[in-house]
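The values are calculated or read from the model by the stated rules, or taken from the named source; none is laboratory data. Everything numeric here is computed off the predicted structure, so don't read it as measured data. Here the Cβ is made from the backbone with ideal geometry for all residues, glycine too, and neighbour counts use every protein chain on show.
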Amino acid sequence: MICAALGELNYEKYRLSDNGVFIRQAADELIRRHHCDPDFTPDTIARLLHVSRRQLYRHFEQEPQSMAELIGAQRARTARSLLVTNPTRPAEEIATESGFTSTATMRSHLRAQYGMGPKEIRSSATEAPPTT
């Protein structure tokens with residue numbers, strides 16, 4: 001039943017004998033695919049996997065990051081990549097494209113994950129590596 005609901009995923013690579021592993025892997029793949037949608041939340045993942053929110057969270061209890069943190073971390077990775085590859089693009093556009101609801105939220109996630117804000121990430125990317 002879960003496999004049918006996940007038609008967009010390549011579920012054949014998952015072992016259905018371990019439902020917990022399947023749920024975690026499917027959730028990770030959904031995060032990679034849909035993190036840029038600002039309305040994408042843990043509730044969305046639960047709905048797509050046809051499990052309750054509580055059941056979904058139970059599968060991630062032993063993980064170092066919560067579902068919301070996993071989504072935020074993926075958005076921060078996307079934002080960092082866009083900041084580096086598009087140095088003149090406004091941070092507001094990058095925040096939106098990365099799935100953040102605001103530039104302040106993006107900045108907060110970037111600082112938590114990389115210890116730098118958007119400007120610092122851009123300036124560190126443009127610095128030439130030291131010569132030896």
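Among the helices (runs of 4 or more DSSP H) confined to segment 1-103, the ones with at least 2 residues that are surrounded by 14 or more Cβ atoms within 10 Å (Cβ to Cβ), modelled with pLDDT of 90 or more and of a type in the set (S, T, N, Q) are located at 67-85, 91-98.
Whether a residue is assigned to a helix (DSSP H, G or I), in contact with a Gly (Cβ under 8 Å, 6 or more places away or on another chain) and surrounded by 11 or more Cβ atoms within 10 Å (Cβ to Cβ) was assessed, and Arg107 passes this test.
Taken residue by residue, segment 59-76 has no member that is free of Cβ contacts under 8 Å to residues at least 24 places away in the same chain and basic (Lys, Arg). For segment 88-124, filtering for residues that are free of Cβ contacts under 8 Å to residues at least 24 places away in the same chain, among the aliphatic types (A, V, I, L, M) and farther than 12 Å from Pro38 by Cα leaves 2.
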